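Some notes on the structure that comes next.
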Amino acid sequence: MAIMKQCTHADALPDPEPVPLGETCPECLRDGTDPVQLRLCLTCGHVGCCDSSPHRHATEHHLRTGHPVMRTHEPGEDWRWCFVDHVLL
């Protein structure tokens, strides 16, 4: 029997979710690059670009801050990802 990996951080997330700190990735704006898709940090509201973007700013934000969970910031999508446990929520 396969054991499903669980996120150990979801219960500690703020409720309600933080308000997005912007409409797009501020690092991409600063660098003059275009994000492929956006991700929202569920700890602080930082908006960063996905790993398909040139600079992977959402992952960079996690590595810099340790904030564990993000969710998609794309219209019509609602999935979440735990960077620490490497699992979809």
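Throughout, read-outs are computed from the coordinates displayed, never taken from laboratory work. It should be emphasised that the depicted structure is a prediction, and the values quoted were computed from it without experimental measurement. Note: ideal-geometry Cβ built from the backbone for every residue, glycine included; neighbour counts use all protein chains shown.
At a temperature of 10 °C and a viscosity of 1.306 mPa s, determine how fast the stretch 39-89 diffuses translationally according to Stokes-Einstein, using the Kirkwood radius over alpha-carbon pairs as Rh; express D in µm²/s, rounded to the nearest whole number.
Working: Rh = 10.7 Å.
Reported coefficient: 148 µm²/s.
At 222 nm, what helix-only mean residue ellipticity would the chain give, in deg cm²/dmol to the nearest 500, using -39500 (n - 2.57) for each DSSP H run of four or more?
Result for the chain: -4500 deg cm²/dmol, rounded to the nearest 500.
Within a Cβ distance under 11 Å of L42, other residues only, what is the Lys/Arg minus Asp/Glu net charge? Intermediate results must be reported in sequence, preceding the final value.
Details: positive: R39, R71, R80; negative: D15, E17.
Net charge in that neighbourhood comes out at +1.
Taking a quarter of the surface of the convex hull around the Cα atoms of the stretch 16-62, what do you get in nm²? The partial results should precede the final answer.
Numbers: hull surface 11.6 nm².
About 2.9 nm², averaged over all directions.
Run the dipole for the chain about the Cα centre, Lys and Arg Cβ at +1, Asp and Glu Cβ at -1, nothing else charged, and hand back the magnitude in debye, nearest 20. Walk me through the numbers on the way to the answer.
On the way: 7 positive and 13 negative charges, 49 e Å.
Using Cβ point charges on Lys, Arg, Asp and Glu, the chain gives about 240 debye.
What nm distance separates the two modelled labels at V19 and D34, each placed 7 Å from Cα along Cα→Cβ?
In this crude label model, V19 to D34 measures out at 3.0 nm.
Let me know the Rg and Dmax you get for the chain when you use only its Cα atoms, in Å.
Rg then Dmax for the chain, in Å: 13.1, 49.
For D11, what charge total do you get from the other residues with a beta carbon under 15 Å from its beta carbon, if Lys and Arg give +1 and Asp and Glu give -1?
Working: positive: R80; negative: D15, E17, D85.
Around D11, the surrounding residues sum to -2.
Just need the relative contact order of the chain here, percent rounded to a whole number, with Cα pairs under 8 Å and 6+ apart.
Numbers: 163 pairs, mean separation 22.9, N = 89.
In percent, rounded to a whole number, it is 26.
List the GluC sites (Glu not before Pro) in the stretch 1-62 that DSSP assigns to loop (not H, G, I, E or B) and whose Cβ has at most 11 other Cβ atoms within 10 Å. Which are they?
Details: sites: E23, E27, E60; in loops: E23.
Sites meeting the loop and neighbour criteria: E23.
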